[in-house]
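Engineer: I'd like to ask you about the structure that follows.
The values are calculated or read from the model by the stated rules, or taken from the named source; none is laboratory data. Nothing here was measured: the structure is a model prediction, and the numbers come from that model. Here the Cβ positions follow ideal geometry from the backbone for every residue, glycine too, while neighbour counts run over all protein chains shown. Surface accessibility is based on the protein's heavy atoms, side chains included, excluding ligands, DNA and RNA. Shrake-Rupley method; radii C 1.70, N 1.55, O 1.52, S 1.80 Å.
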Amino acid sequence: MQPYATLNTGQRMPLFGLGVYDMHGEPAVNAIRYALDIGYRLIDTAQAYENEEEVGQALGQSGIPREEVFVTTKIANTVQGREGVLASFEESLRKLDTEYVDMLLIHWPVKDWRRENWKAIEEIGRSGRARGIGVGNYLLPFLHEMPDYATVTPALDQIEFSPYLVMHKEWEHCRNHGILLQAYTPLIRGQRFGDPKLVALAEKYGKTPAQIMLRWCIQQGISTIPKSVEPSRIRENFDIFDFSISEEDIRTLTGFDEGLRIIEDPMDMW
Ligand SMILES: NC(=O)c1ccc[n+]([C@@H]2O[C@H](COP(=O)([O-])OP(=O)(O)OC[C@H]3O[C@@H](n4cnc5c(N)ncnc54)[C@H](OP(=O)(O)O)[C@@H]3O)[C@@H](O)[C@H]2O)c1
């Protein structure tokens, strides 16, 4: 019952997935396997998370056909230039134990390297070994700069986004240019779970604050990738496809915006 988006590449992508930042070893393999077992079909990793091998192991153990799982990885900030991107991508494929990724992102718009690194992932995209290519942390100035050097429009932009950090300009740009917006840290790592406004809405729908925050994304066509290593929370986060939030309450949640950013501001890289 989970919703899928059609990307500008023509790919079908689940809107909802598991972020795997800060999980390693057996707990990570077990968490990813559990998520796959209960229906998650999108896994978001990165070279910098140092757990691509665990993702590969969980995928292998799950027995789910490779083409049914959408795997994203990201080129690390420390990788600079064409040769580095191509070599690090080979390493990612090896660790993930796969012949292709579904989505390859530039993790951050590193000042001196975003042009050359983007050209390199365009090359990987043409090879078919990344079925889609996109960007991470590209706020509006970075998106506006892209036509100077890009021949391919990114399929996806993964940015920090939640009811408490509504990036209206990026959202509108993505809508207008056929780029899927993907929200990271959608739960703000729990920092607003106790907000009485949010708790009241959660009670109204008989759901948890986390479920309300995630449903707010999905219902608006925004992809999101909450992280958890704990089975009960992995399940809780996935249990958002059996209810909907009224239009009025969606607007109320959007009004929670307080510009709350918990990850580094990408504009520091401008
Ligand atoms: N592109 C980028 O630069 C970037 C930056 C940050 C994140 N991301 C991606 O986005 C994903 C999600 O972001 P995030 O991991 O930073 O933060 P998040 O998903 O907002 O929050 C994760 C934290 O909340 C806890 N949690 C999860 N579900 C919960 C629930 N239902 N109730 C209570 N606590 C819950 C988790 O703990 P437990 O694990 O103990 O459940 C974890 O500590 C990352 O894993 C990564 O894939 C990308």
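Engineer: Kindly report, to the nearest 10 Å², the accessible surface of ASP268 as traced by a 1.4 Å probe over protein heavy atoms only.
Structural biologist: ASP268 has an accessible surface of roughly 110 Å² with all protein chains in place.
Engineer: Another one. Putting +1 on Lys and Arg Cβ atoms and -1 on Asp and Glu Cβ atoms, find which of ASN77, GLY255, ILE43 reaches farthest to the positive end of the dipole of segment 4-262.
Structural biologist: Highest projection toward the positive end goes to GLY255.
Engineer: Could you derive backbone 3J(HN,Hα) for segment 73-84 from the dihedral phi with the Karplus parameters 6.51, -1.76 and 1.60 (θ = phi - 60°), listing whole Hz in sequence and x where the residue is Gly or Pro?
Structural biologist: 9, 9, 6, 5, 4, 7, 8, 10, x, 3, 4, x
Engineer: Using a probe of 1.4 angstrom, how much of the accessible area of segment 1-156 is carbon and sulfur, in percent?
Structural biologist: For segment 1-156, the apolar C and S fraction of the accessible surface comes to 47 percent.
Engineer: Taking the Cα centre of each part, how many Å lie between segment 4-28 and segment 108-137?
Structural biologist: 18
Engineer: What accessible area per residue comes out for the chain, rounded to a whole number of Å², with a 1.4 Å probe? Write out the running numbers ahead of the final one.
Structural biologist: Working: 11550 Å² over 270 residues.
I get 43 Å² per residue for this part.
Engineer: What whole number of Å gives the distance from the Cα centroid of segment 44-99 to the Cα centroid of segment 153-186?
Structural biologist: 23
Engineer: Obtain the radius of gyration and the Kirkwood radius of the chain from its C-alpha atoms and give Rg over Rh. It would help to have the intermediate numbers written out before the result.
Structural biologist: Working: Rg = 17.7 Å, Rh = 18.7 Å.
Across the chain, the Cα-based Rg/Rh ratio is 0.95.
Engineer: Bin width 10 Å, alpha-carbon pairs only: give the P(r) of segment 122-270 as whole percents, running from 0 to the bin holding the largest distance.
Structural biologist: 10, 38, 32, 16, 4, 0
Engineer: What is the dipole size for segment 83-138, taken about its Cα centre, with +1 at each Lys and Arg Cβ and -1 at each Asp and Glu Cβ, in debye to the nearest 20?
Structural biologist: Around 180 debye, computed over segment 83-138.
Engineer: For the chain, modelled as a Gaussian network with Cα springs under 10 Å, which listed residue fluctuates most, ASN176, ASN117, ASN30?
Structural biologist: Among ASN176, ASN117, ASN30, the largest mean-square fluctuation in the Gaussian network model of the chain belongs to ASN176.
Engineer: Further question: Give a residue-ordered list of calculated ³J(HN,Hα) values for segment 33-43 (Karplus: 6.51 cos²θ - 1.76 cosθ + 1.60, θ = phi - 60°; whole Hz; x for Gly, Pro).
Structural biologist: 4, 4, 4, 5, 4, 8, x, 4, 10, 9, 10
Engineer: Right, next: Under 23 Å between alpha carbons, and skipping anything fewer than 8 positions from LYS204 in its own chain: which lysines qualify?
Structural biologist: Of all the lysines, none pass the test against LYS204 - Cα under 23 Å, at least 8 places apart if same chain.
Engineer: For the charge dipole of segment 68-223, defined by +1 on Lys and Arg C-beta atoms and -1 on Asp and Glu C-beta atoms about the Cα centroid, which residue among LEU201, TRP108, VAL166 has the Cα displaced farthest towards the positive pole?
Structural biologist: Farthest along the dipole direction, towards plus: LEU201.
Engineer: While we're here: For segment 4-262, calculate the relative contact order in percent as a whole number, restricting contacts to Cα pairs under 8 Å that are 6 or more residues apart.
Structural biologist: Computed over segment 4-262, the figure is 19 percent.
Engineer: Going down the table (LYS119/LYS169; LYS74/LYS111; LYS169/LYS197), which pairs top 23 Å between alpha carbons?
Structural biologist: Distance filter (> 23 Å) returns LYS119/LYS169; LYS169/LYS197.
Engineer: Counting only protein chains, not ligands or nucleic acids, how are TRP270, TRP108 ordered by accessible area (probe 1.4 Å), most first?
Structural biologist: Final ranking, largest accessible area leading: TRP270, TRP108.
Engineer: Describe numerically, in nm with one decimal, the distance between label points set 7 Å from Cα along Cα→Cβ at GLU248 and at GLU90.
Structural biologist: Spacing of the two 7 Å Cα→Cβ label points: 6.1 nm.
Engineer: Given H placed on each backbone N at 1.01 Å, which residues far from GLN158 in sequence or on other chains put an amide H within less than 5 Å of it?
Structural biologist: When sequence neighbours closer than 5 places are left aside, the close amide H contacts are VAL135, GLY136, ASN137, TYR138, GLN182.
Engineer: Further question on the same structure: Full-extension gain between ASN176 and GLN61, please, as 0.36 nm times their residue separation minus the C-alpha to C-alpha distance.
Structural biologist: Gain on extension, ASN176 to GLN61, equals 37.4 nm.
Engineer: Now for a separate question. Can you show me the helix-derived [θ] at 222 nm for the chain, built from DSSP H runs with n ≥ 4 at -39,500 (n - 2.57) apiece and divided by the number of residues, rounded to the nearest 500.
Structural biologist: The helix-only estimate for the chain comes to -12000 deg cm²/dmol at 222 nm.
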